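Here's the structure we're looking at; comments come further down.
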Amino acid sequence: MTAYVADLLSDTLTRPTRAMRDAMASAEVGDDVFGEDPTVRALEQRVAGLLGHEDGLFTPTGSLANQLGMRLHVAPGQEVVADQNAHVVRAELGAAAAFSGITSRTWPSVRGRLEPSGPMSLVTTGVGPYQVETALVVVENTHNFGGGTVQPLEAIRDVRAATSAVGVAMHLDGARLWNAHVASGVSLADYGREFDTVSVCLSKGLGAPVGSVLVGSAARMAEARVWRKRYGAGMRQVGILAAAGLHALDHHLERLADDHARAARFAAACAEAAPGSVVASTVETNIVVLDVGAAGWTAAAFVAALLEHGVRTYAVGPAAVRLVWHLDVDDAGTEAAVDAATAVLRAVPPTP
Ligand SMILES: Cc1ncc(COP(=O)(O)O)c(C=O)c1O
């Protein structure tokens, strides 16, 4: 394994801490397909409670939690509407279409920020057998490809009011809802209550090796449990993984503020070194997207140049580079990334 001075590729890279491994090793387990794993049930109920919902369902991935959420609300041939850069439409490899016969349309946005006019310009109901009926709006909070954008609660509430009036459901892709909660101070339940189903990931900023939870009504979770098994994701003594999630909730939630502060420190330094590469005030959580084109770089050349300094990043567009802070990047790693990125931004880019 390559050792980087700062590995900012993704917040999915974290390795379980010693204490998390100890919690996993001593977890009480049972066969979860028979509903007999007490640690899984404890996690499902805890997360459901935090999000203001009746019940939860443990899944191996966030993608599966999202796919189950969509499947519950949308019949084959109906549509889901989402932001143009939402994970469910950009990064789940067409699963909603491939598995559930779901079509989709997307609204444009700036940095993924939700404006009620986005979804509401698309939502179409009562069009009989002539046009596709919208069954679901998906909101992503924080918005990954948008750069960790926190969705405004007022905008969510406006969309909720408008969609409820026409019988359209709402699903929250809350892979990083923890970050939104810590950054905004809005409670998890205040976010969660505005949605029919919510998926959250334990394997990103929270630092668990695996796992997501879908929450909703008890009836919907019973249905999702059937579909999870049908998709081949009924797991057995999986309390060993749920224990990591419970440990993460106890120990790694509040510390997300440290990741946010480090990302902000990095963004401020880059904004000073190369004005236009990032607007520091738009960095709200643990993700920074740099426009390296503002300093004359291509994303590929910039990523390669940072790698020479031992800093790993991710090209997300021809001139856009994403950096994500997490449990395994400390102040020293952040300062190394600041030094490397500001030096590269100030340097003359290679001629193509
Ligand atoms: C916003 C968002 N939703 C869902 C997922 C899917 O999570 P997983 O990789 O566990 O399937 C991700 C993964 O990065 C994500 O960023």
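What follows is calculated from the coordinates using simple rules that are stated; it is not laboratory data. None of the values given here were measured: they were computed from a predicted structure. Here the Cβ positions follow ideal geometry from the backbone for every residue, glycine too, while neighbour counts run over all protein chains shown.
Summing +1 for each Lys or Arg and -1 for each Asp or Glu, what net charge is found among the other residues whose Cβ lies under 13 Å from the Cβ of Gln67?
+1
Any chance you could check the Cα centroid distance between the range 282-308 and the range 189-226 for me, in angstrom?
Their Cα centres are 32 Å away from one another.
With the alpha-carbon atoms as the only input, what is the per residue convex hull volume for the range 153-311 in Å³?
It is 182 Å³ per residue.
Quick check on the range 18-251: of the DSSP beta bridges with both residues there, what percent are antiparallel, nearest 5%?
Around 35 percent of the beta bridges assigned by DSSP in the range 18-251 are antiparallel ones.
Considering the options Asn179, Val238, Ala280, tell which one lies farthest towards the positive end of the dipole of the range 163-301, charges being +1 on Lys and Arg and -1 on Asp and Glu at the Cβ, about the Cα centre.
Towards the positive end, the residue furthest out is Val238.
How long is the gain from Tyr130 to Glu115 if the chain were fully straight, where each residue apart is worth 0.36 nm and the alpha carbon distance is subtracted?
2.6 nm
At what distance in angstrom do the alpha carbon centres of the range 109-141 and the range 1-58 lie from each other?
Distance between centres, Cα-based: 32 Å.
Excluding Pro275 itself, what net charge comes from residues whose Cβ is under 12 Å from its Cβ, given Lys and Arg +1 and Asp and Glu -1?
-1
Using only alpha carbons, build the gyration tensor for the range 18-251 and give me the equivalent ellipsoid semi-axes, biggest first, whole Å.
For the range 18-251, the semi-axes come out at 29, 20, 14 Å.
If Lys and Arg each add +1 and Asp and Glu each add -1, what is the summed charge of the other residues whose beta carbon sits under 14 Å from the beta carbon of Thr106?
Spelling it out: positives minus negatives among the neighbours equals -4.
List residues of the range 178-216, by number, whose backbone nitrogen lies under 13 Å from a label position 7 Å along Cα→C-beta of Gln45.
No residue passes the distance filter.
Give the residues of the range 35-79 whose amide nitrogen is closer than 14 Å to a point set 7 Å from the Cα of Arg230 in the direction of its Cβ.
Within reach of a label on Arg230: 67-77.
Taking the Cα centre of the range 255-346 as the origin, how large is its charge dipole in debye, to the nearest 20, when only Lys and Arg (+1) and Asp and Glu (-1) carry charge on their Cβ atoms?
That gives the range 255-346 a dipole magnitude of about 220 debye.
Relative to a virtual label point 7 Å from the Cα of Ala280 in the Cα→beta-carbon direction, which members of the range 131-157 show backbone nitrogen distances below 20 Å?
So the set is 147-150.
Any idea what the dipole of the range 127-209 comes to, in debye rounded to 20, about its Cα centre with Lys/Arg Cβ at +1 and Asp/Glu Cβ at -1?
It comes to approximately 200 debye.
For the range 18-251, what does the relative contact order come out to in percent, with C-alpha contacts under 8 Å and a separation of six or more?
31
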